[in-house]
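These notes are about the structure you will find just below.
Values in this text are rule-based calculations from the coordinates and carry no lab data. From a predicted model like this one, the values you see are computed outputs, not experimental measurements. Note that we place each Cβ from the backbone using ideal geometry, even for glycine, and neighbour counts take in every protein chain shown.
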Amino acid sequence: MPTVVKPFRTLIFALTLATLGCHAQTPSENSKLSPELARRVEVLIRSKSSISPDYEIQIGPRTKSNVPDFDQIEVTFTADGKTSKPVPFLLSTDGKTLAQFSKYDISKDPKSLVSGDGRPSRGGPNNAPVLIVNFDDLECPYCAKMHEQLFPALTERYKDQIHIVYRDFPLEIHPWAMRAAIDTNCVAAQSPAGYWNLVDYIHAHAAEVGGEEKNLAKANDTLDRLAREEGKRQKLNLETLNACITKQDDSAIKESLKLGDSLGVDATPALFINGEKMEGALPLEYVYRIIDNALIASGQTPPPPPPHPAPPVQAQPETPPATKPGN
């Protein structure tokens, strides 16, 4: 069904209706609008939203709202035998003002929207004032570029003021990305340092994984070998590590994908800086500004500005198809 109500130009609009008379009554719960008032509402909606005449508009009764001096009415639109979902509006109790607005809950700290708990970290401690969560795909070339350019610059500038974690978001278009995510997590279960060593290496050498022929079986073997070699360097329990690699349990990765979906992640890399989402190629000074603002909001003092303008981070986001592994 085509869109029946065009978005209003501002987030909130309030329009005063013509005076109805001297004696407006306070409406009761589930009070039906008078034909005259219902027409005023309908005409206003049609004019402000460019509703074509073939749409029939139904206006529901007043019900109580949580906005002082306003009741709620629900409006539906019907055409070609199809009816839209109810669209809520506010109608003042004196019948003179119609309003529509979007309500958002800002009671929670945005930093709490995406957690870094249970993930290997870089930078400062868990209670650092700024949490940076990166949804990463180890086969994504744009992720590799950001990994190479952005995070060394951030850790050098902010030291222990930032806490950096990666969450997995392997895209379906990358054949070995899921395997890489599972293998690095197998190492992470015993050694955060080993995890970061492996992530660093894979991002730096992703073009070599799978060989020149880009063979998936070879890529998987290479990733398993790299994980085992890192396990030996970190003196991990190799029996446990090998069992994890062999099992290829993707349940934790699927949970990470679901989390990303719930947060509106639709491309990699995707950063959340104390809950503020950032995608695409932004100049590094923009990233600095977001982090500086988060530090100030936390009562912290940002570092002095860098002496020279920072180069842009060349990392265009890579967009997944409609479905991802396991969806």
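Straight-line cross-link partners of Lys232 among the aspartates and glutamates, defined as a Cα under 15 Å from its Cα and at least 8 positions apart when in the same chain: Asp183, Asp224. The trypsin sites (Lys or Arg not before Pro) of segment 47-109 meeting both criteria, a DSSP state outside H, G, I, E and B (loop) and at most 10 other C-beta atoms within 10 angstrom of the site's C-beta, are Lys103, Lys108.
For segment 110-297, the orientation-averaged shadow of the C-alpha convex hull comes to 10.3 nm² (one quarter of the hull surface).
For a Förster distance of 45 Å, can you work out the FRET efficiency between the beta-carbons of Leu113 and Lys232, rounded to the nearest 0.05? Calculated value: 0.70.
Quick one: which of Lys145/Lys235; Lys103/Lys277; Lys32/Lys96 span more than 23 angstrom between C-alpha atoms? Don't jump to the answer; show the numbers that get you there.
On the way: Lys145/Lys235 30 Å; Lys103/Lys277 20 Å; Lys32/Lys96 16 Å.
Too far apart for the 23 Å limit: Lys145/Lys235.
The aspartates and glutamates whose alpha-carbon is closer than 19 Å to the alpha-carbon of Lys64, local same-chain residues fewer than 8 away aside, are Glu29, Glu74, Asp94.
Please report Lys247, Lys111 as a ranked list, fewest other C-beta atoms within 10 angstrom at the top and most at the bottom.
On the way: Lys247 10, Lys111 20.
Listed from fewest to most nearby Cβ atoms, that is Lys247, Lys111.
Quick check on segment 110-297: of the DSSP beta bridges with both residues there, what percent are antiparallel, nearest 5%? Could you put the intermediate results ahead of the total?
Values: 11 of 18 bridges.
Here the share of antiparallel DSSP bridges comes out near 60 percent.
Measuring how big segment 199-245 is from its alpha-carbon positions, Rg and Dmax come out at 11.6, 33 Å.
Listing Met278, Met178 from fewest to most neighbouring C-beta atoms within 10 Å gives Met278, Met178. For Arg62, nonlocal amide neighbours, meaning residues 5 or more places apart or on other chains whose placed amide H falls under 5 Å from its own, are Ser31, Lys32, Leu33. In terms of other Cβ atoms within 10 Å, Val43, Val87 run from fewest to most in the order Val43, Val87.
Aspartates and glutamates within cross-link reach of Lys111: Cα-Cα under 14 Å, excluding same-chain residues under 8 positions apart? The reachable aspartates and glutamates, counting only those whose Cα sits under 14 Å from Lys111, are Glu276.
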